[in-house]
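S.K.: The structure follows.
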Amino acid sequence: MPFPEPTAPAASRAEVFLRYLDYLRESLLAKVCALPEEEVRRSRVASGWTPLELVKHLRFVELRWIEWGFQGRDVAEPWGDRRGDRWHVAAEETRDDLVAALRAQGAHTTAVVSGNDLAAVGAPGPRWDGADPATLERVLFHLVQEYARHLGHLDIVAELAGGPTGE
């Protein structure tokens, strides 16, 4: 997927956000999918996270901010990517399943963004921890920075694992 150049025409700010989210999500998934199987469950960093844990985490990040937050949906396990104070992937969870779940969550995000104005305010609910709900634009800005930060982390891990480097 090509980088969403700032000079490429876009019909709306929402389209710009979606282009960046799609690019970052697919770049992250391409790196994880290019790693050997033994590397996706191995940590190369002191904090102990693995590439598969990162994929699951980002799926839940989108779930928490879009469904549980902006849409105000009842989500049974909004923190289902965690066990205690760290990310967790069960032994039976596969790379293919986690990749498909992140892509499906991304498709849901796209549908929500496409059906709402960026100035729309999220539904009140527990996601906001007592604060006023954010607008969809602020939520999307947060998601872009979250993906960009974690893709940078994965760049280093993939390089250490002998996987793909660069953009």
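The values are calculated or read from the model by the stated rules, or taken from the named source; none is laboratory data. Everything numeric here is computed off the predicted structure, so don't read it as measured data. Cβ atoms come from the backbone with ideal geometry, glycine included; neighbour counts cover every protein chain shown. Remember, those area values only see protein heavy atoms, side chains included, never the ligands or the DNA or RNA. Shrake-Rupley method; radii C 1.70, N 1.55, O 1.52, S 1.80 Å.
S.K.: Just from its helices, what would the mean residue ellipticity at 222 nm be for the chain, if runs of 4 or more DSSP H residues each count -39500 (n - 2.57) and the sum is divided by every residue, rounded to the nearest 500 deg cm²/dmol? Numbers along the way, then the final one.
M.R.: Details: 5 runs with 83 residues, N = 167.
That calculation yields -16500 deg cm²/dmol at 222 nm.
S.K.: Something else about it: Expressed in nm to one decimal, what extension gain is obtained for the pair R42 and D117 from 0.36 nm per residue of sequence separation less their Cα-Cα distance? It would help to have the intermediate numbers written out before the result.
M.R.: Details: separation 75, 0.36 × 75 = 27.00 nm, distance 4.09 nm.
Length gained between R42 and D117: 22.9 nm.
S.K.: Any idea which of G166, A90, L24 is furthest toward the positive side of the dipole for the chain, if Lys and Arg beta-carbons carry +1 and Asp and Glu beta-carbons -1?
M.R.: A90
S.K.: Under a Cβ-Cβ cut-off of 14 Å, what is the net charge of the residues other than V157 that fall near it, where Lys and Arg count +1 and Asp and Glu count -1?
M.R.: Around V157, the surrounding residues sum to 0.
S.K.: Once neighbouring chains are kept in place and the probe is 1.4 Å, which whole percent of the accessible area of region 45-167 is contributed by carbon and sulfur? Don't jump to the answer; show the numbers that get you there.
M.R.: Details: 3210 of 6140 Å².
That fraction is 52 percent.
S.K.: Another question about this same structure. Ranked by accessible surface with a 1.4 Å probe, highest first, in what order do R13, R149, R25, R82 come?
M.R.: On the way: R13 140, R149 105, R25 10, R82 75 Å².
Order by accessible area, largest first: R13, R149, R82, R25.
S.K.: Estimate the FRET efficiency between H108 and E26 by the formula 1/(1 + (r/R0)^6), using the beta-carbon distance for r and 22 Å for R0, to the nearest 0.05. Please report the intermediate quantities before stating the final value.
M.R.: Details: r = 16 Å, r/R0 = 0.71.
Efficiency at R0 = 22 Å is approximately 0.90.
S.K.: Compute the FRET efficiency between R83 and A148 as 1/(1 + (r/R0)^6), taking r as their Cβ-Cβ distance and R0 = 25 Å, and round to the nearest 0.05. Display every interim value, and only then the final one.
M.R.: Working: r = 26 Å, r/R0 = 1.04.
Efficiency for this residue pair is about 0.45.
S.K.: Still on this structure, please answer the following. Counting only heavy atoms of the protein chains, get the accessible area per residue of region 1-138 (1.4 Å probe) and round it to a whole Å² value. Display every interim value, and only then the final one.
M.R.: Numbers: 7180 Å² over 138 residues.
Accessible area per residue: 52 Å².
S.K.: Taking only Cα atoms, what is the 0 to 90° angle, nearest 10, from helix 51-62's long axis to the longest principal axis of the chain?
M.R.: The angle comes out at about 10 degrees.
S.K.: Continuing with this model, one more query. If we count every other residue with Cβ under 12 angstrom of E93's Cβ, Lys/Arg +1 and Asp/Glu -1, where does the sum land?
M.R.: Values: positive: R41, K56, R59, R95; negative: E53, D81, E92, D96, D97.
Net of charged neighbours comes to -1.
S.K.: Work out, in µm²/s and without decimals, the Stokes-Einstein translational diffusion coefficient of region 55-114 at 20 °C, 1.002 mPa s, Rh from Kirkwood over C-alpha pairs.
M.R.: Details: Rh = 12.0 Å.
Here the translational diffusion coefficient equals 179 µm²/s.
S.K.: I'm a student and want to see the number: the projected area of the Cα convex hull of region 1-91, averaged over all directions, in nm². If you can, show how the numbers build up before the last one.
M.R.: Values: hull surface 31.7 nm².
Its Cα hull, projected and averaged over all orientations, spans 7.9 nm².
S.K.: Also, quick follow-up: Place a +1 charge on the Cβ of each Lys and Arg in the chain and a -1 charge on the Cβ of each Asp and Glu, then give the dipole magnitude about the Cα centre in debye, rounded to the nearest 20. It would help to have the intermediate numbers written out before the result.
M.R.: Details: 19 positive and 26 negative charges, 39 e Å.
Value, rounded to 20: 180 debye.
S.K.: I'd like the orientation of helix 13-34 relative to the chain: the angle between its Cα long axis and the longest Cα principal axis, in ° from 0 to 90, rounded to 10.
M.R.: Its long axis makes an angle of about 20 degrees.
S.K.: Here's a follow-up. Taking the Cα atoms of the chain, what is the range of coordinates along each of the three principal axes, in descending order and whole Å?
M.R.: 43, 41, 25
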